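*Asks:* Please find one structure pasted underneath; my questions will follow.
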Amino acid sequence: MIRFVFLMLLTVTVHAAESTVDIDTAAKIYQAAAIREQVRASLGAMPEHIRQLFEADSSAKLSDQQLAAVSAAAVRGFRIDVFEVPALQAFANHLDTATVNKTEAFLTSDLGKRMVTADVALATLGESNIDKVMTGQITAPSTPKRDAIVDKLERATHSTESTVQIFLSMGQAVAVGTAIGSGMDTVAVGERAHKSGEASRAGLEDNMRLPMRRFLAYGYRDLSDSDLKHLLSFMESTPGKRYVTAYNASMGAGFDAMGRRTGEQLGESLRELALAQMLPPAQTIPPSIAAPPPVLPHSTKPPESPAPAVPATPQ
């Protein structure tokens, strides 16, 4: 039995090694999908959102100096150069040659180019307008038939699940990174963060499903029903499914890295402040940091969420 398990693990390892592509190849798809432009659009607002998470936590009231440190740490952590190295590596690790060829062909087709143009336009729509789209204040004309296609597209791309996963992982990374910078027990902090995130996952996904569909529907408002069907057909194909997996893994790795960098920077800053003021460093991580409210990687404001908390739709 042990030998069988070993052989199975060896088979999986060999298959994974043979299936991945190099960074340069992955970068071609990354560029064709304009992922950098879309992720970059979210980064300017992240420091304020991270600060708001700390401000909202009543169990660990921070001073103005400490909150300023939170914002400064987020500025240093949420940067495209921090995002791209791990994101591209994860992207490459989940792609294969066949997927790259099919995806590149789709992204460089007329429909693919119009989809990417729509994605970039939506990503740079602005915080206020994105919030209005996700809450239904701004909508695009639709029909029951078109709504059904959008629903299937949201499911096929795992937009809701990936968005929630990105921000749960990012929140856990902030918590663990802060623990590292503060000299705290990272294992205990990581376990608490994971437990908090998992407890809120189902509720967050239920709460995000409709806003994500509104987001997709508005973003692709200029694509015809036929266009959406062809887009759905690609996403449901074997190469499309693998691309979705690779894209979501890329987003998760990139935002996790930025969250960890932010946490490390913050932990060091809080420790320095504590030493300067002759006060003990904070011994707890705000629970809300472990499960931040979902924000699209290319959105700048989180939708309302009933639970305390660069998808996201694959491009």
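Residues checked against (1) polar (S, T, N, Q); (2) over 24 Å from Arg260 (Cβ atoms):
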position	(1), (2)
Val100	no, yes
Lys113	no, yes
Val116	no, yes
Gly126	no, yes
Thr163	yes, no
Val176	no, no
Met184	no, no
Ala188	no, no
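*Asks:* A further question on this structure: Given the conditions (1) at pLDDT 50 or above; (2) in a helix (DSSP H, G or I), and given that His15 satisfies all but one, which numbered condition is not satisfied?
*Replies:* Just one mismatch for His15, condition (1).
*Asks:* Name the residues in the range 164-186 that are of a type in the set (Val, Ile, Thr) and modelled with pLDDT under 85, would you?
*Replies:* Hits for the range 164-186 are Ile166, Val174, Val176, Thr178, Ile180, Thr186.
*Asks:* I've got another one for you. Would you confirm whether or not the range 220-240 contains a residue that is within 26 Å of Met46 (Cα to Cα) and not polar (S, T, N, Q)?
*Replies:* Yes, because at least one residue in the range 220-240 is within 26 Å of Met46 (Cα to Cα) and not polar (S, T, N, Q).
*Asks:* What are the pairs with Cβ atoms under 7 angstrom where one residue, in the range 143-161, is closer than 22 Å to Arg201 by Cβ and the other, located anywhere, is among the hydroxyl-bearing types (Ser, Thr, Tyr) and part of a helix (DSSP H, G or I)? Sequence gap at least six, or different chains.
*Replies:* What qualifies is Glu154/Thr160.
*Asks:* Any residue in the range 124-134 that is within 17 Å of Arg36 (Cβ to Cβ) and not in a loop (DSSP other than H, G, I, E, B)?
*Replies:* no
*Asks:* A follow-up question, please. If only one of Leu67, Leu153 is assigned to a helix (DSSP H, G or I) and either over 21 Å from the mean Cα position of the chain (by Cα) or exposed (fewer than 14 other Cβ atoms within 10 Å of the Cβ) (or both), which one is it?
*Replies:* Leu67
*Asks:* So which of Asp119, Asp110 ends up being acidic (Asp, Glu) and over 20 Å from the mean Cα position of the chain (by Cα)?
*Replies:* Among Asp119, Asp110, only Asp110 is acidic (Asp, Glu) and over 20 Å from the mean Cα position of the chain (by Cα).
*Asks:* In the range 170-200, what residues are part of a helix (DSSP H, G or I) and surrounded by fewer than 20 Cβ atoms within 10 Å (Cβ to Cβ)?
*Replies:* Once the filter is applied, which keeps residues that are part of a helix (DSSP H, G or I) and surrounded by fewer than 20 Cβ atoms within 10 Å (Cβ to Cβ), the range 170-200 yields Ile180, Thr186, Val187, Ala188, Gly190, Glu191, Arg192, His194, Lys195, Glu198, Ala199.
*Asks:* Which condition number in (1) assigned to a helix (DSSP H, G or I); (2) small (Gly, Ala, Ser); (3) in contact with a Lys or Arg (Cβ under 6 Å, 6 or more places away or on another chain) is the one that Ser162 fails?
*Replies:* Ser162 satisfies every listed condition except (3).
The values are calculated or read from the model by the stated rules, or taken from the named source; none is laboratory data. Here the structure is a predicted model, which is why all the values come from computation and not from measurement. When we count neighbours, we look across all protein chains shown, and the Cβ atoms used for this are built from the backbone with ideal geometry, even at glycine.
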